[in-house]
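Everything on this sheet refers to the single structure shown next.
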Amino acid sequence: MTDKQEQDREIIHRLLDDDLDPEEKKLLLERVEADPALREELESMTGTIRLIETSERMQAPPFFTAEVMCRLPKKKPTTRARIREFLFGSRVLRWNVATVAAAALVALVVVQVVRTQITPLETAAIVPRAQTVVVTMHLHAPKAHSIAVAGTFNKWDERSHMLTKQEDGVWTISIPLKPGEYSYMFIVDGKAWVTDPNAETYRDDGFGNRNAVMRVTT
Amino acid sequence: MKGMGPMTKAVLATLLLLFTAAFDAAAPSAWGGEGNQLDQAKAAVERSALPREVKVGILTSAEQAVAEGIPSEDVSIIIIRSLDRGVDGRHIEGFLETASKTKIQGLPVRLILDRTEQGLAKGVPSERIGTVTQRLSEHLAAATSVVSRLEASGMKAPNPRASDDAIENVARAMEMSIPQNTLAKMGEKIRDRKGSLGLFNRAVDTTTTFAGSGMSAGQASRLVQSALDKGYSEQDLEAMERYMADELRKNRPMNDVISGMDSRMERGEMTPEMQMQERPGAGPMSGPGTGGMGGMGGRR
């Protein structure tokens, strides 16, 4: 393309952009009238503009920009840039109802599992059930009709832990207990509170009597 | 929600409801799982022959206690046991209020609940239970300052419950007329030797056990102090308790028991190992054995 043709195209562009003053516009149109090549150039450009203006606008597909950006050739980033991008780079979350439903289902299952794991801890304290120790308590009282044991392990319930009488007049009971220290007393015939005479040690009960104390270890 | 179809909106709304229901079910509710126990106590109150206003007072105190964080199981036991024993409404309210006030102050309430439940089970007069638990609550407040000072000055707790255990043990020691100052000094001595709150717990408990077995508070604290001076461990202090129980079982006078412990400590014999040698089959952790002749109890 010659310099002259280049200048003509530049003037035509300015005409189409409505940038020419009236004098320049008049001169150009006279030249177009006289120069078939220039006229053809102007008509070609005018036709292109009309075609674009009359064309239907097409909607870009979803994630068009992101996909185009993905396909662009990538410059190999430095390790530092990769770390920064990993930590601070913004991400586009693509979602649909099916994905959300699946995520909700997983969340429900997790919540239920966590719930079943947590609930027993409220009552079972820290020590797992497997770490309980079976403690056998016994009391020699051949003339007794009933014997129970109450203590800190059963909130001093005089009826929940009844001992069983053996043939030799010894009453026994085996209780699974978690490691710890327990105060207790025997209740003979439902009314007499008796301190275990062979306890490991004793502790004042705060009301003028002595509780027996046992220390359970694994 | 703009631009969403009605179907999408419906699905999202359903999911939101499901989430809400799931989290509601998973969250430990203030009433969750405990309602039944409190309901039993409420039913017992309603069935009782107490006047209407007394019933309302008990139920209000019960609700307040649970709201403050007292386990409903304990509230229920106190109410039902009190009604079984014919305790009047004013005292039942008093038991619950003492527990609530203790909890409100941020003090460990387990000892108050245990003492109330124990007193009721043993048929202790309600006035006595009320006095004892109120006094105990005051001791717990004083004990907290002792333990907090030790922790603040660097004494380490071996486990999360050690702090509450220490407060309870100091309170029980004060209940046995062991001076707060003596206990604080005992703690400082242990702290200065880099001992833990666990050792302090055992030392205080041993002192209380001695005092509760007929030793004077002064003698009890002196014995434990000299054991600590000799670097005794928690197990060694437990061995001292067992020694005393064994000696008292043999009907030895307390003064003899004390001098026996002193001389054994001097000779370095007051240890679990020595006791095992002296009591075949009854190691330090195996309990008192199967009971002697004419004995009535024990633990295997």
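Quick notes on this one:
- Inter-label distance, B:K230 to A:A192: 3.9 nm, where each label sits 7 Å from its Cα along the C-beta direction.
- Part-to-part distance (alpha-carbon centres) for the range B:207-254 and the range A:28-107, which is given in Å: 88 Å
- Cα-based shape type of the range B:55-126, given that a ≥ b ≥ c are square roots of the gyration tensor eigenvalues and the cut on a/c is 1.5: oblate
- Positive-pole candidate from A:T78, B:T206, B:T14, dipole of the protein assembly as shown, charges at beta carbon: B:T206
- Volume per residue that the Cα convex hull of the protein assembly as shown spans, once the total is divided by residue count, Å³: 316 Å³
- Per-residue mean of foreign Cβ neighbours for A:135-142 is 5 (Cβ atoms of other chains, 10 Å radius).
- Pairs exceeding 20 Å between alpha-carbon atoms, taken from A:K178/B:K101; A:K165/A:K191; A:K143/A:K165; B:K122/B:K250: A:K178/B:K101; B:K122/B:K250.
- Extreme residue, positive dipole direction of the protein assembly as shown, given options A:W156, A:Q59, B:G218 (C-beta unit charges): B:G218
- Cβ crowding within 10 Å averaged over residues, with A:32-45, A:76-89 ranked highest first: A:32-45, A:76-89
- Each Lys and Arg adds +1 at its Cβ and each Asp and Glu adds -1 at its Cβ; summed about the Cα centre, the range B:35-101 shows a dipole of about 200 debye.
- What you get for chain A, charging only the Cβ of Lys and Arg (+1) and of Asp and Glu (-1), is a dipole of about 1880 debye around the Cα centre.
- In this simple spin-label model, placing a label point 7 Å from the Cα along the Cα-to-Cβ direction at both A:R9 and A:S160 gives a separation of 9.7 nm.
- Axis angle, to the nearest 10 degrees, between helix A:97-124 and the longest C-alpha principal axis of chain A: 20 degrees.
- Between the range B:81-106 and the range A:154-218, the alpha-carbon center distance in angstrom: 25 Å
- Most to least accessible of A:R57, A:R215, A:R14 (protein chains only, probe 1.4 Å): A:R57, A:R14, A:R215
- The range B:206-250 - charge dipole about Cα centre, Lys and Arg +1 at Cβ, Asp and Glu -1, debye rounded to 20: 180 debye
- Efficiency of FRET between B:R193 and A:V68 - r from beta-carbon atoms, R0 60 angstrom, step 0.05: 0.25
- By the rule of a C-alpha distance below 20 Å, with chain neighbours fewer than 8 residues away ignored, the lysines paired with B:K103 are A:K155.
- A crude spin-label estimate for the pair A:V113 and A:T172, with each label 7 Å from Cα along the Cβ direction, gives 4.4 nm.
The values are calculated or read from the model by the stated rules, or taken from the named source; none is laboratory data. The structure presented is a predicted model; accordingly, all values stated were derived computationally and were not measured. Ideal geometry is used to build each Cβ from the backbone, glycine not excepted, and the neighbour counts take in all protein chains shown. SASA here: full protein model, heavy atoms, side chains in, ligands and nucleic acids out. Shrake-Rupley method; radii C 1.70, N 1.55, O 1.52, S 1.80 Å.
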